[in-house]
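Undergrad: The structure that follows is given in the form of structure tokens.
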Amino acid sequence: MSGGPPKALPSTGPQSLRDMPHPLAGSSSEEAVGGDSTPSPDLLTARSFGDKDLILPNGGTPAGTASPASSSSLLNRLQLDDDVDGETRDLFVTVDDPKKHVCTMETYITYRITTKSTRVEFDLPEYSVRRRYQDFDWLRNKLEESQPTHLIPPLPEKFVVKGVVDRFSEEFVETRRKALDKFLKRITDHPVLSFNEHFNVFLTAKDLNAHKKQGMALLTRVGESVKHVAGGYKLRSRPLEFAAIGEYLDTFALKLGTIDRIAQRIIKEEIEYLVELREYGPVYSTWSALEGELAEPLEGVSACIGSCSAALEELTDDTTEDFLPVLREYILYSDSMKSVLKKRDHVQAEYEAKLEAVALRKEERPKVPADVEKCQDRMECFNADLKADMERWQNNKRQDFRQLLMGMADKNIQYYEKCLMAWESIIPLLQEKQEAK
Amino acid sequence: MNFLHMTESNFSLKKIEISVSEAEKRTGRNAMNMQETYTAYLIETRSVEHSDGQSVLTDSLWRRYSEFELLRNYLLVYYPHIVVPPLPEKRAEFVWHKLSADNMDPDFVERRRIGLENFLLRLASHPILCRDKIFYLFLTQEGNWKETVNETGFQLKADSRLKALNATFRVKNPDKRFIELKHYSDELQSVISHLLRVRARVADRLYGVYKVHGNYGRVFSEWSAIEKEMGDGLQSAGHHMDVYASSIDDILEDEEHYADQLKEYLFYAEALRAVCRKHELMQYDLEMAAQDLASKKQQCEELATGTVRTFSLKGMTTKLFGQETPEQREARIKMLEEQIKEGEQQLKSKNLEGREFVKNAWADIERFKEQKNHDLKEALISYAVMQISMCKKGIQVWTNAKECFSKM
């Protein structure tokens, strides 16, 4: 989708979002509180419209369309189309150039983060900073805290078993770099998360550590409010779609786990096959030394097997480096999604409990007290955000897996093509002297 | 199919086809009157008329493995200068886990049938062996053949193992070419054994790799059940993974044929060594005869001239018990001269025999070398072709899977 009305959104959207109170922004001094600021007319109407629609006994949201009640979901819906059209992209982030730093206390790797953007949130059109894994971890935690209603992409595993994996080997660093790059790109593609101020700071700040200390106090309170939601309320009944998502994620994670195990098993078998091939090939060479006329053909076969061995090693390396990490990433993704679903459940439960309490206090009707309304908003926004994110996630998942599995098939095809070439090239060598006779 | 021309006097020139066409399980009683199970093989001989190329079944009989062994042992004794074609292995060796080591296993029996047919065809295509009467009877005379072979008394003519071993160690001047050949056959045996062992392990591992991919088939199918748009692509890709996993069975079965070709030459190495051993034996025999002759000549000379340089029992006893009479001495000289004459004759014929043997053996060895080079090259080509086929199948399956994934 290009041209016309949608173009206006990217520039106005972010601004109004900033002014608009985020349901869970609570008491942050940077965000406007409650209904004091003036939201843009469109969104106000949308909000009230959504209210009536959404008071359903079981808290379900209308199927299909995302609830217009939440500003962010409106944004999501429209910007979803924009994302497909790369022309309207205004933020590009890349992770590359890993470097090892050796200090007295520790040794670690940093990665260069390059940002190019035309967004107003960025003072400069281009930034280049260095970050280490710790910083990414910090960013993710901040995002989880400040955007609890959204799915935050996963990071590659934090801990590696020392001694088993070499944290500084080229392969490990490259695998990690790719995962970190993906992490940032997923945030970049997200219409809400990409505007998060922590993300901005991460991309731009010269000294992130100083910033980390500063922002601590403010944002913990936001985290607190979310955490408080978590306790004490029991959910009446989960809306069908979220129940379905939950079930889906369970099975999905299970299947991915199985695929991971199968892939590991294949690698193991391939490595053992490789070990035998490495002994097999040279025996032909040994034999060739005994022979006269057969010497060249035997040596040729030995070389062939050697080529196949090399090709096989490449295949197993690729599977280990490219295939497995992505699988694991999605398992982590499912896990973090499950926890977001849980939070949603809690928000709903809180709302229901409060509503019930109001219903019992008959004298309060028909006016619904402010705090219950706030709860309802919270729930509705959560539902909307989550739905939108789920849709995006499903789309991305489909593309990611299509790419991943096609890549796997490709690597296998390349392996066989290399072997085929080796064996085909030897046929004339083997046949040669036959004809000479 | 190999053809043999029967040029025996009582047969007109005809082409003959030999095949071991069937294998059958039998039960019978063995020499100790105990019941046993064995496999019998049907040997069919067809003669092909020149004019119309039609083949007519001339003979068909059943033989078991032990009779093949008997035939071969006979040929080894009567043609020591020939590299006698080997039999397929008695027991399954170099097996990888899927292959059975059981002699009654149908796959083993089938491969043995082919090996036995190959053995007969080798004999039939050998310029000298094809004319052997016992071989001819093996193909044509069902009953009494065993008795006929044993009546030749070939077991008695066989050289004892001990004698051969003794000769190997003590021979002083064997033909250099045979030394080299023995060395070569030892190395060949060692390297092909090694190759077959590793190949079996390679086959085992390859089997594992393919079969594990079958698990993808199942899990993709299960996963497709919870997906909407991705479902079909996953499901059909899973099917291709199943195809991939099951393709390995045929691939490895073909490879067994290659292993059998290598095995034949592994066993041929032993046949080569047998010829070398025979040469060593003959050479040793010759050397001993020459040595014996030389010592007798010396004895004779000493007796004649009266000088005692060589030790002899007679000389010793004369010293102890007194000189012998001139008549006695004359008698002894005469006897020695007789022996020397005999000895010289024997040495001459042994020398001739030895040279004949070396000439004939070497001719057959050259023939064998050509056959070996030709056969092994063919085997390597067919192996390469097998690998190419396997690669192409792999590319096909993964390309199909990739297409399914692209539709996800």
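Undergrad: Would you call B:ASN360 away from chain A (no Cβ under 12 Å) and not β-branched (Val, Ile, Thr)? Steps first, answer last, please.
TA: Numbers: away from chain A (no Cβ under 12 Å): yes; not β-branched (Val, Ile, Thr): yes.
It is true that B:ASN360 is away from chain A (no Cβ under 12 Å) and not β-branched (Val, Ile, Thr).
Undergrad: Residues that are among the aromatic types (Phe, Trp, Tyr) and within 12 Å of chain A (Cβ to nearest Cβ): find the helices (runs of 4 or more DSSP H) completely inside region B:154-269 holding 2 or more of those. Spell out how you get there, then give the answer.
TA: On the way: elements: B:154-157, B:161-170, B:176-224.
Filter on region B:154-269 gives B:176-224.
Undergrad: How about region B:135-153: which of its residues are assigned to a helix (DSSP H, G or I) and of a type in the set (Ser, Thr, Tyr)? Step through it out loud before you land on a result.
TA: Step one: of region B:135-153, the residues assigned to a helix (DSSP H, G or I) are B:135-140, B:145-151.
The answer is B:TYR136, B:THR140, B:THR148.
Undergrad: Return the pair list, or none, for Cβ contacts closer than 6 Å from residues in region A:364-389 that are farther than 30 Å from A:ASP189 by Cα to residues that are aliphatic (A, V, I, L, M) and at pLDDT 85 or above, at least 6 apart or on different chains.
TA: none
Undergrad: Further question on the same structure: Any residue that is at pLDDT 90 or above, within 30 Å of B:LEU252 (Cβ to Cβ) and over 21 Å from the mean Cα position of the chain (by Cα) - is there at least one of those in region B:174-181?
TA: No, that holds for no residue.
Undergrad: Got a number for residues in region A:254-286 being hydroxyl-bearing (Ser, Thr, Tyr), surrounded by 18 or more Cβ atoms within 10 Å (Cβ to Cβ) and more than 8 Å from chain B (Cβ to nearest Cβ)? Talk me through it step by step, then tell me what you get.
TA: Just the residues of region A:254-286 that are hydroxyl-bearing (Ser, Thr, Tyr), to begin with: A:258, A:273, A:280, A:284-286.
From the residues that got through so far, the ones that are surrounded by 18 or more Cβ atoms within 10 Å (Cβ to Cβ) too are A:273, A:280, A:284.
Those still in the list that are more than 8 Å from chain B (Cβ to nearest Cβ) too: none.
Final tally of qualifying residues: 0.
Undergrad: Taking region B:180-228 as the region of interest, how many residues are in contact (Cβ under 8 Å) with a residue 12 or more places away in the chain, over 24 Å from B:MET390 (Cα atoms) and surrounded by fewer than 16 Cβ atoms within 10 Å (Cβ to Cβ)?
TA: So the answer is 1.
Undergrad: Taking the condition among the hydroxyl-bearing types (Ser, Thr, Tyr), modelled with pLDDT under 90, surrounded by 21 or more Cβ atoms within 10 Å (Cβ to Cβ) and within 30 Å of A:GLU157 (Cα to Cα), does A:TYR415 pass? Can you show your working first?
TA: Details: among the hydroxyl-bearing types (Ser, Thr, Tyr): yes; modelled with pLDDT under 90: no; surrounded by 21 or more Cβ atoms within 10 Å (Cβ to Cβ): yes; within 30 Å of A:GLU157 (Cα to Cα): yes.
In short, no.
Undergrad: Here is a follow-up. Just one of B:GLU301, B:GLU287, B:GLU327, B:GLU280 is modelled with pLDDT under 95 and exposed (fewer than 13 other Cβ atoms within 10 Å of the Cβ); which is it?
TA: Only one candidate passes the filter, namely B:GLU327.
Undergrad: Further question on the same structure: Would you check if there is a residue in region B:94-107 being under 18 Å from the mean Cα position of the chain (by Cα), more than 20 Å from B:ASP59 (Cβ to Cβ) and touching a residue at least 12 places away in the same chain (Cβ under 8 Å)?
TA: Start the filter on region B:94-107 by keeping residues that are under 18 Å from the mean Cα position of the chain (by Cα), which leaves B:94.
Pick out the ones that are also more than 20 Å from B:ASP59 (Cβ to Cβ) and you get B:94.
Now narrow it down to the ones that are touching a residue at least 12 places away in the same chain (Cβ under 8 Å): B:94.
Yes, that holds for at least one residue.
Undergrad: Taking region B:165-179 only, how many residues are surrounded by fewer than 16 Cβ atoms within 10 Å (Cβ to Cβ) and hydrophobic (A, V, I, L, M, F, W, C)?
TA: Residues meeting the conditions: 3.
Undergrad: A further question on this structure: Identify the residue in region B:100-127 that is of a type in the set (Gly, Ala, Ser) and modelled with pLDDT of 90 or more and, among all such residues, is farthest from B:GLU69 (Cα to Cα).
TA: This residue is B:SER125.
Undergrad: Continuing with the same structure: What number of residues within region A:413-427 satisfy the criterion of being out of contact with any Gly (no Cβ under 6 Å at 6 or more places or on another chain), facing chain B (nearest Cβ under 7 Å) and either under 10 Å from A:ALA311 (Cα atoms) or not in a helix (DSSP H, G or I) (or both)?
TA: Number satisfying all stated conditions: 2.
Undergrad: Oh, and also: When you check B:ALA384 against the structure, is it more than 10 Å from chain A (Cβ to nearest Cβ) and of a type in the set (A, V, I, L, M), yes or no?
TA: On the way: more than 10 Å from chain A (Cβ to nearest Cβ): no; of a type in the set (A, V, I, L, M): yes.
Criteria not met by B:ALA384.
Undergrad: Output the residues belonging to region A:287-306 that are crowded, with 18+ Cβ neighbours inside 10 Å and among the small types (Gly, Ala, Ser).
TA: A:SER288, A:GLY300, A:SER302, A:GLY306
Undergrad: Among the residues of region B:157-173, are any closer than 18 Å to B:LEU75 by Cα and over 20 Å from the mean Cα position of the chain (by Cα)?
TA: yes
Undergrad: Another question, if that's okay. Output the number of residues of region A:287-322 satisfying the condition of being charged (D, E, K, R) and within 12 Å of chain B (Cβ to nearest Cβ).
TA: Of region A:287-322, the ones charged (D, E, K, R) are A:291, A:293, A:296, A:299, A:313-314, A:317-318, A:321-322.
Narrowing further to those that are within 12 Å of chain B (Cβ to nearest Cβ): A:291, A:293, A:296, A:299.
Result for region A:287-322: 4.
Undergrad: Could you go through region B:378-389 and let me know if any residue there is part of a helix (DSSP H, G or I) and more than 28 Å from B:TYR268 (Cα to Cα).
TA: First, the residues of region B:378-389 that are part of a helix (DSSP H, G or I): B:378-389.
Keeping just the survivors that are more than 28 Å from B:TYR268 (Cα to Cα) gives B:388-389.
For region B:378-389, residues part of a helix (DSSP H, G or I) and more than 28 Å from B:TYR268 (Cα to Cα): present.
Undergrad: How about region A:378-404: which of its residues are facing chain B (nearest Cβ under 9 Å) and touching a Ser or Thr at 6+ places or on another chain (Cβ under 9 Å)?
TA: Within region A:378-404, A:ARG402 is the sole residue that qualifies.
Undergrad: Show me the helices (runs of 4 or more DSSP H) found entirely inside region A:167-274 where at least 1 residues are modelled with pLDDT under 90, in contact with a helix residue (DSSP H, G or I) (Cβ under 6 Å, 6 or more places away or on another chain) and not basic (Lys, Arg). Lay out the reasoning, then the answer.
TA: On the way: elements: A:170-189, A:197-204, A:208-230.
So the answer is A:170-189, A:208-230.
Undergrad: While we're looking at this one, here's another question. Hey, among B:LYS372, B:LYS407, which residue is modelled with pLDDT of 95 or more and facing chain A (nearest Cβ under 9 Å)?
TA: Values: B:LYS407 fails: modelled with pLDDT of 95 or more.
Exactly one of B:LYS372, B:LYS407 is modelled with pLDDT of 95 or more and facing chain A (nearest Cβ under 9 Å), namely B:LYS372.
The values are calculated or read from the model by the stated rules, or taken from the named source; none is laboratory data. Just so you know, these numbers come straight off a predicted model, no measurement behind them. FYI the Cβ positions are ideal-geometry reconstructions off the backbone, even for glycines, and counts take in every protein chain you see.
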